[in-house]
1. Please count how many residues of the range 425-438 are outside any loop (DSSP other than H, G, I, E, B) and surrounded by fewer than 24 Cβ atoms within 10 Å (Cβ to Cβ).
2. Here is a list of conditions, (1) over 22 Å from Ala16 (Cβ atoms); (2) away from the ligand (no atom under 16 Å from the Cβ); (3) modelled with pLDDT of 95 or more, and His145 meets all of them except one; can you say which number that is?
3. Taking the range 249-282 only, how many residues are part of a helix (DSSP H, G or I), of a type outside the set (Asp, Glu) and under 14 Å from the mean Cα position of the chain (by Cα)?
4. I'd like to know if the range 156-165 contains one or more residues that are part of a loop (DSSP other than H, G, I, E, B), at positive phi, away from the ligand (no atom under 11 Å from the Cβ) and not acidic (Asp, Glu).
5. Can you tell which of Val6, Val11 is within 11 Å of the ligand (Cβ to nearest atom), surrounded by 21 or more Cβ atoms within 10 Å (Cβ to Cβ), under 25 Å from the mean Cα position of the chain (by Cα) and closer than 29 Å to Ser144 by Cβ?
6. So for the range 231-242 (the condition being of a type in the set (D, E, K, R) and in contact with a Cys (Cβ under 7 Å, 6 or more places away or on another chain)), does at least one residue qualify?
7. Scan the range 314-366 for residues that are farther than 22 Å from Arg301 by Cβ, in contact with a helix residue (DSSP H, G or I) (Cβ under 6 Å, 6 or more places away or on another chain) and buried (at least 22 other Cβ atoms within 10 Å of the Cβ) and jot them down.
Amino acid sequence: MRIAVVGVGHVGLVSAAAFGRWGHDVVGLDDDAAKVATLREGRAWFYEPGLQELLDEVIAAGRLTFTSDPVEAIAGAEVVFACVGTPALPDGSPNLAYLEAVAHTVAEVATGDVLLVEKSTVPASTGRRLEQVIVREQARLGKSHRIEVASNPEFLREGTAVEDTLHPDRVVYGTSSDWARDVLRRVYAPLVAQDGCPVVETDVATSEVIKHASNAFLATRISFINAVARICEQVGADVDVVADGMGHDARIGRSFLSAGLGYGGSCFPKDVDAFAHLARQVGVPFRLLDEVRAINVGQRRLIVDKLRQELWHLDGKTVVLLGAAFKPGTDDLREAPAMYLAEELAAAGADVRIYDPVTSAQVAARLPDVQTHDTVGPALAGAHAAVVCTEWDEVRALTPQDFLNGLAYPIVIDGRNAYDPGVMLAAGLRYHSIGRRSAERQEA
Ligand SMILES: NC(=O)c1ccc[n+]([C@@H]2O[C@H](COP(=O)([O-])OP(=O)(O)OC[C@H]3O[C@@H](n4cnc5c(N)ncnc54)[C@H](O)[C@@H]3O)[C@@H](O)[C@H]2O)c1
């Protein structure tokens, strides 16, 4: 099939490469000329394990090209996947202007019947809105091709995006006609034949809700265990063992029950807010999600409180943040808890250093007053405290002795429960993590 992918970012580029792997002819369109230029040289513009190899393969097979010309990408395409960003607006609702722009473009340049598929994460009823936009634009332009809108949400996780896309847990799509459903069946037929993954076929609004409900639920699990962690700290329990004990229950499971600094990234924060916003808009407030958000924001404050407990004033103290990316395996800094912490600590007068194995140049560009390091030794040297923000392998591999040798004061605040508290405390570190044994409790 001839497929256009509009927006070759974290979702669009991986999806475009996967469509190529499944034998389709794919053109990736992006309005960012610099990204297109990099991609035309055959290079991914962001870091994602396995992506470069997949691009090499699909580009060499002649199944994937890139352009910033909408006509080149969309004219002649049977299906257009919109993978543009839907970032949060100040009121929590997502900015759908980029998606609307795609609908305008498709209405303008389509040369035949085409299915426009929302792969971007959007609130329910966006599909209906896009169809209105298209009908109006077509009437204005005197065009009459069949252009329908479908929903096909994406569930990939950054850091494992290639694997998640090539071997998804499920494919979900929502359509409003047999024709549209058959187009998407043909897109995914090679995947289903190879992988046998389940397919959920439904209507557009249901498909849109599946995505928001999935992310809101996962974020709820994270905030739930973080709230449990706070109780554990007060009563001397260990949240990791609590999560293990809960997770053995087949009804609960262990995933997304890791206490820590809270969720970040370009999806959970905005999707929780967007779903809560939609709920308010349709008159059924989802207050649970407001609490999920509040707990998440509170986790960062907890880290600052723990630092103050140990260091008293932060003014003039040097704090090293270990990890900046919102999670290991990605160079994405969007909504990364470390970025918030860096700003908060700097505002309190601390000298902030950040170690990250892949994002240090990006961090330096974004936070020019922060000292950045891509090797951990110099980052630790002489700092008054270290805070674990991203559990990169390089961070997990640090030993108590590395901290004792490097830091001026032996203080480690572990926002990702990356180390064994028994080992850290026994080595003489002032070690605090989330919802587990800490230096104070040891003394008590
Ligand atoms: N990143 C993830 O892990 C993830 C996972 C699932 C779903 N999603 C959703 O997918 C969508 C895209 O997210 P992302 O992380 O890939 O964003 P991104 O910012 O990495 O990529 C979006 C791309 O769209 C391009 N773009 C914007 N407007 C355009 C236009 N009119 N024409 C052509 N190109 C345009 C941008 O230049 C950019 O390259 C969002 O709705 C997000 O919520 C993201």
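1. To start, the set of residues in the range 425-438 that are outside any loop (DSSP other than H, G, I, E, B) comprises 425-426, 430-432.
After this cut, where a residue has to be surrounded by fewer than 24 Cβ atoms within 10 Å (Cβ to Cβ) as well, the list is 425-426, 430.
Residues in the range 425-438 being outside any loop (DSSP other than H, G, I, E, B) and surrounded by fewer than 24 Cβ atoms within 10 Å (Cβ to Cβ): 3 in total.
2. Going through (1) over 22 Å from Ala16 (Cβ atoms); (2) away from the ligand (no atom under 16 Å from the Cβ); (3) modelled with pLDDT of 95 or more one by one, His145 breaks only (3).
3. Filtering the range 249-282 down to residues part of a helix (DSSP H, G or I) leaves 268-281.
Filter once more, keeping what is of a type outside the set (Asp, Glu): 268-270, 272, 274-281.
Still in the running and under 14 Å from the mean Cα position of the chain (by Cα): 268-270, 272.
Qualifying residue count, the range 249-282: 4.
4. Step one: filter the range 156-165 for residues part of a loop (DSSP other than H, G, I, E, B), giving 156-160.
In the following step, the residues that additionally are at positive phi were identified as 159.
With away from the ligand (no atom under 11 Å from the Cβ) added as a condition, the list becomes none.
No: zero hits.
5. Numbers: Val11 fails: closer than 29 Å to Ser144 by Cβ.
So the residue among Val6, Val11 that is within 11 Å of the ligand (Cβ to nearest atom), surrounded by 21 or more Cβ atoms within 10 Å (Cβ to Cβ), under 25 Å from the mean Cα position of the chain (by Cα) and closer than 29 Å to Ser144 by Cβ is Val6.
6. Restricting attention to the range 231-242, the residues satisfying the condition of being of a type in the set (D, E, K, R) are 233, 238, 240.
Of the ones still in play, those that are also in contact with a Cys (Cβ under 7 Å, 6 or more places away or on another chain) are 238.
The answer is yes; a qualifying residue exists.
7. Correct list: Tyr355 only.
Here's the yes/no breakdown for (1) in contact with a Ser or Thr (Cβ under 7 Å, 6 or more places away or on another chain); (2) at pLDDT 95 or above; (3) within 15 Å of the ligand (Cβ to nearest atom):
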{"position": "Glu53", "(1), (2), (3)": "no, yes, no"}
{"position": "Val58", "(1), (2), (3)": "no, yes, no"}
{"position": "Leu64", "(1), (2), (3)": "no, yes, no"}
{"position": "Ala82", "(1), (2), (3)": "yes, yes, yes"}
{"position": "Glu108", "(1), (2), (3)": "no, yes, yes"}
{"position": "Ala124", "(1), (2), (3)": "no, yes, yes"}
{"position": "Arg128", "(1), (2), (3)": "no, yes, no"}
{"position": "Val135", "(1), (2), (3)": "no, yes, no"}
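The values are calculated or read from the model by the stated rules, or taken from the named source; none is laboratory data. Source: prediction; values computed, not measured. Reconstructed Cβ throughout: ideal geometry from the backbone, glycine too, with neighbour counts over all protein chains shown.
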